[in-house]
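Throughout, read-outs are computed from the coordinates displayed, never taken from laboratory work. In this text, all values refer to a predicted model and were calculated from it rather than measured experimentally. Please note: Cβ atoms are built from the backbone with ideal geometry, for glycine as well, and neighbour counts cover all protein chains shown.
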Amino acid sequence: MITKTVSNAQEACHGIQDGMTLMLGGFGLCGIPENCITELVRRNIKDVTCISNNAGVDDFGLGLLLQKKQIRKMVSSYVGENAEFERQMLSGELEVELIPQGTLAQRCQAAQSGIPAFYTPAGYGTEVAEGKESREFNGKMHVMEHAFKADFAFIKAWKGDTAGNLIFKGTARNFNPNMCGAAKITVVEVEELVPTGDLDPNEIHIPGIFVQRIFQGIHYEKRIEQLTTRKKG
Amino acid sequence: MITKTVSNAQEACHGIQDGMTLMLGGFGLCGIPENCITELVRRNIKDVTCISNNAGVDDFGLGLLLQKKQIRKMVSSYVGENAEFERQMLSGELEVELIPQGTLAQRCQAAQSGIPAFYTPAGYGTEVAEGKESREFNGKMHVMEHAFKADFAFIKAWKGDTAGNLIFKGTARNFNPNMCGAAKITVVEVEELVPTGDLDPNEIHIPGIFVQRIFQGIHYEKRIEQLTTRKKG
Amino acid sequence: MALDKNQIAQRIAKEVKNGYYVNLGIGIPTLVANFVRNDIEVEFQSENGILGMGPFPYEGEEDPDLINAGKQTITALPGASFFDSAMSFSMIRGQHVDLTILGAMEVAQNGDIANWKIPGKMVKGMGGAMDLVASAENIIVAMMHTNKAGESKLLHQCTLPLTGVQCVKKIVTDLAVLEIKDYQFYLLERAPGVTVEEIKAATEGDLVVEGSIPEMQF
Amino acid sequence: MALDKNQIAQRIAKEVKNGYYVNLGIGIPTLVANFVRNDIEVEFQSENGILGMGPFPYEGEEDPDLINAGKQTITALPGASFFDSAMSFSMIRGQHVDLTILGAMEVAQNGDIANWKIPGKMVKGMGGAMDLVASAENIIVAMMHTNKAGESKLLHQCTLPLTGVQCVKKIVTDLAVLEIKDYQFYLLERAPGVTVEEIKAATEGDLVVEGSIPEMQF
C-alpha cells in the first residue's frame, strides 16, 4: 500500500500559501478539522478563500481565522452562528458567496469526480442563479453549476489507516467525504490512525487514493454548538 | 422505521409490465439480482429495455432473458461474454446502446440524485458522442450526458434490514448502490434480511429511503465467470 | 385565539402520513416531530446526514458527533443511517423525501417563498432550503401569519430575495391553513375562534374564501 | 527477437513508479502486475470496484463476490477498499489514478486509439476504456506492433471507431517502445535484436528515429 502518513498538522500543511483556496469539512462545529485550523491560525496564512458549509462560531472553528482576518472570501451555505462574520460581511471586509447546501456538496463531489459541471434546480429564479446559465430539463428549470477548484482540502475523519483509507462517525461525516480528492492536496486528520489492514475493506467510506496526507490528530475539543437534552423518566 | 419487506421475488415484481425500462445491478455475474431475473423469466415480461453493465452469459444472468427474447434493447458498456447476445445484435433483433462504463454509472447516480444532466470527457470525439452536445471546460472537450429514466431497479445486496438499509459485499457492490433510487421502484434482494436496528448506522451503504421493496433471496448460485487461482507454495 | 407555535406544529403533524420521509426545518417545523401519531411509520431526515433521527439525548448522553441540521444534539433511532452531504441532497434533489416542512419570512400567492436574507440587515444564508424548495413536491410552510411589526407575510409578491419560485403549496400559520392554487391563497381552515374577517385582514395577498370555513381539528 | 506478451508486460512494469495507483486493462496489461518491483509502493485499481487488488486466490479460496474487471477471481490485499461504480469512475475521471495501461487494436500518430469495436464483426463494448483514455494523463498502450494479418497497428490515422482522441502518449509493443509527440511516433527503444529497419517496416504511421536507438533494458 502507498503510505500517506505525516507526523502532525504542521507537516500536513506544508506548501500552503497566502491567497489559496481551501476546502474545510464539517457542519457547524461537528466534524471540523480542528488541528488543521489551529495550524492555519498559527501560520497566519492570509487572504484565503474558504469553502466550508459554515463559518464556525466566534471563538472556535473557522471563527478563529475570521478573528485574525485571515479569510478574504467565504463560500458557504449558512453562516448564522457567528457575529464577527456578520460584522465583517456587512462592513464589506469579507467577501461572501452564499450558495445552496446541496449545490455546495455537489460542487465538491463534482470536483472529486472530474465532472466539470452539472445541472440542479436549486436556486433557479433566485439571486444565486444570477449570471449562471439556466436550462429546462423535463419541463423544469435548472441552473448549471461548476465543480470547485481548490488547492487544499482539510478533512476530519474518525479512523484512518496509513494508506489513507477513511471511516467517518455519525453526522461528523457531512461534507468531509465529498471534499476528499476535490482539491489538489487532501489533508486528513483522524482521531485514530491505525495500521494498514486494520480497517475492513467493506466498511471504508473513502479509499486512500483520494488522500495525500494523513495524521493522528490531538487534543480534540469537539465543542457542542447547541446542547439539547431531555430528562430521564 | 418504515417497513419495506415483501415475501419474495414474485411479490417484489408486482406492477412490472411489458415495454418497461429496467435497471439491473451487477458486474458480469457478480452481484446480480438472481431471484428477480428468474422471476422476470417466469413472468415472460416482453420488450423490456435493460440498463445493465453486462448482459450475463448464455445460460445465466440476463442471458436467460436474451434466450427467451424478452429484451428489446440493452444499454450496457461491455457485452463480450455472450454469444447469443452478439448474434441477436448483429442480426438486428436486439437494439444495443453501448456507452462508457463510467458514464453508465454516473447516469444512474444522476437519476438517484435528481441531477438531470452532467458533463464528462468520456467518449468525446467518438461515435458515442454523436448527436450529443459537447462543450469545452478547462480547455478540454466534454459531452453532456443525461440521467437515466427507469421504471424498476433490481438490486442485489448482501445484508439488508426491514427498513431497506443495505450493505453490499466486496466487488458485488459495483452498480447496485448507484441504481438504488434511480428508478421509480427499487426492488432489493438480499442474502441476509435482518431486523431493523441490527445494522450499524455508520456502516450502511444505502439508506432505506432509496428502496421501495426488499426481500430475502433464495438459492443463490453466484456463478463464477472466470475462475482464476494459483497453487499454494 | 391565534395558535401558539406548538399548536401550529400539532396541526401540521396531521399532514404527516404513514410511510413518509420528512425533512423538518429549523424553528416551528422541528416541533412537528413531537406531535406525529405514533401508530404510523415515519422517518425524519436531517440534511446534515442522518435518516431516522430520534429525540434529544438524555442529559449526559449527548454525542458531539451526532447533531441535526439545527446543530442540536440528537439521537439515532434503531434503523437509522448516516451518510455524507452529497448523498443527503441526493435524497432531497432526487425527490425521495416525501414532505418538507419549513419556515418562511414571506410567501407569495404564486408560491414563491423568501426565508434566507434581509438585504443590509440579516444574511444567515439559505442552508439547505433552496435545494429543498426547488425539489420537494410536497412543501408545507409553517409560520406566523404576520411579522413582528404586524405586517402580513402572505403577499401578492415577495419583497425579500427569493428562496424558491412557485413551490409552496400549503401554509399553516397561527391563524389559518391555506392552500396555494391558481396564483391565489385559498382559505381551508381557521384557528379555533379566529374569524374569516381576521384572516382576511391579516392577509395582503388575494384570499379566496369558498363556503363556510371550518375550524382546525387537532 | 520480438518480445512475447510477458516481456512486453515486463518492460512496461519499469514505467510503474513508487506511489502510483495503476489501472490495468484486460490482456497484456494484466500481466504487468507480475513484474512490478516489490520494493516500491503501488496499488492496483480495478474499475469494477476495488483498490488494492492482490493476486489470484489459492485454489479453493476463490470468492464469487471478489473479481476484477476481467471477471477473474482475485484477492484483496491488506489496506484494500471496495466501492461502487460511480466512485470507481470518480477515481478515473477525477484523475486520481496515476497510470493507465491498456490494449489497443489501432493507435494513430496523433494519439487516437481504437480498441472496442470492429463494425459488422465484433462489438464487445468499450467497458471502462473510454472513461480511462479520456481522463488519464498517463496512458501506456500495450499491444503487438502488427495484427494477425501482419498489418501495422501504428497508423497515420485510425480506421476503426475511436475509443478516444489524442490521448495516447506511450506505446510498448513486441518490437519497440514509442512515444507520441507532435503528431508523430518517436522511436525510443528497440526490442533486443530487432533492427530499426524492421520497426520502420512494421510501422505505417510517421516514425521519427533520432540518433542511435538503444535496446530495451529489463
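How high is the FRET efficiency between C:I40 and A:N138 when r is their beta carbon distance and R₀ equals 30 Å, given to the nearest 0.05? For R0 = 30 Å, the calculated efficiency reads 0.45. Could you tell me the calculated FRET efficiency between D:A149 and D:D4, based on Cβ-Cβ distance and R0 = 22 angstrom, to the nearest 0.05? Rounded to the nearest 0.05, the efficiency is 0.65.
Over chain D, calculate the relative contact order: mean separation of alpha carbon pairs under 8 Å at least 6 apart, over the residue count, as a percent.
Numbers: 493 pairs, mean separation 43.1, N = 218.
Computed value for chain D: 20 percent relative contact order.
For chain A, relative contact order (Cα pairs under 8 Å, six or more residues apart, normalised by length) works out to 24 percent.
With contacts taken as Cα pairs under 8 Å and at least 6 residues apart, region B:66-156 reaches a relative contact order of 24 percent. Shortest first, in nm, what separates the label point of D:A201 from those of the same position in the other copies (7 Å along Cα→Cβ)? List, nearest first: 10.5 nm.
Distance between the pseudo-spin-label points of A:A83 and C:Y58 (7 Å out from Cα toward the beta carbon): 3.6 nm.
Once every DSSP H run of n ≥ 4 in chain B is given -39500 (n - 2.57) and the sum is divided by its residues, what mean residue ellipticity at 222 nm do you get, rounded to the nearest 500 deg cm²/dmol? Could you put the intermediate results ahead of the total?
Working: 6 runs with 45 residues, N = 233.
Theoretical 222 nm ellipticity from helices: -5000 deg cm²/dmol.
In a shell of Cβ-Cβ distance under 9 Å around B:Q67, excluding B:Q67 itself, what net charge do Lys and Arg (+1) and Asp and Glu (-1) give? That sum, taken over residues with Cβ under 9 Å, equals -1. Counting only GluC sites (Glu not before Pro) that DSSP places in a loop and that have at most 15 other Cβ atoms within 10 Å, the longest clean stretch of chain C runs over C:62-136. Of C:D84, D:D39, C:D4, C:D65, the sequence from fewest to most neighbouring Cβ atoms within 10 angstrom is D:D39, C:D4, C:D65, C:D84.
Here the scattering of the protein assembly as shown is modelled by Debye summation over its C-alpha atoms, one equal scatterer each and no solvent; at q = 0.09 Å⁻¹ the log10 of I(q)/I(0) is -0.94.
Label separation (A:T229 vs B:E11): 4.4 nm, computed from points 7 Å beyond Cα along the C-beta direction.
Here region A:58-126 and region D:189-215 have alpha carbon centers that stand 57 Å from each other.
For A:T3 and A:E192, the FRET efficiency from 1/(1 + (r/R0)^6), where r spans their Cβ atoms and R0 equals 22 Å, is about 0.80.
Mean-square fluctuations from a GNM of chain B, with a 10 angstrom spring cutoff on Cα atoms, peak among B:L64, B:L199, B:L90 at B:L90. The trypsin sites (Lys or Arg not before Pro) of region A:157-233 meeting both criteria, a DSSP state outside H, G, I, E and B (loop) and at most 11 other C-beta atoms within 10 angstrom of the site's C-beta, are A:K231, A:K232.
Our note on the geometry: Cα centres of region B:178-233 and region C:35-68, 26 Å apart. How about region A:95-139: which trypsin sites (Lys or Arg not before Pro) there lie in a loop by DSSP and see at most 15 other Cβ atoms within 10 Å? Answer by residue number: A:K132. For region A:73-222, a/c is not less than 1.5, where a ≥ b ≥ c are the root eigenvalues of the C-alpha gyration tensor, and a/b does not top b/c. That puts it in the oblate class.
Taking region D:150-177 and a reference point 7 angstrom along Cα→Cβ of D:V208, the backbone N atoms nearer than 20 Å belong to D:154-158, D:166-173, D:176-177. With both labels modelled 7 Å from their Cα along Cα-to-Cβ, the A:E93 to C:K169 distance reads 4.7 nm.
Which of the chymotrypsin sites (Phe, Trp or Tyr not before Pro) found in region B:191-233 are in a DSSP loop and have at most 14 neighbouring Cβ atoms, other than their own, within 10 Å? If you can, show how the numbers build up before the last one.
Numbers: sites: B:F210, B:F215, B:Y220; in loops: B:Y220.
Listed in order of number, the matching sites are B:Y220.
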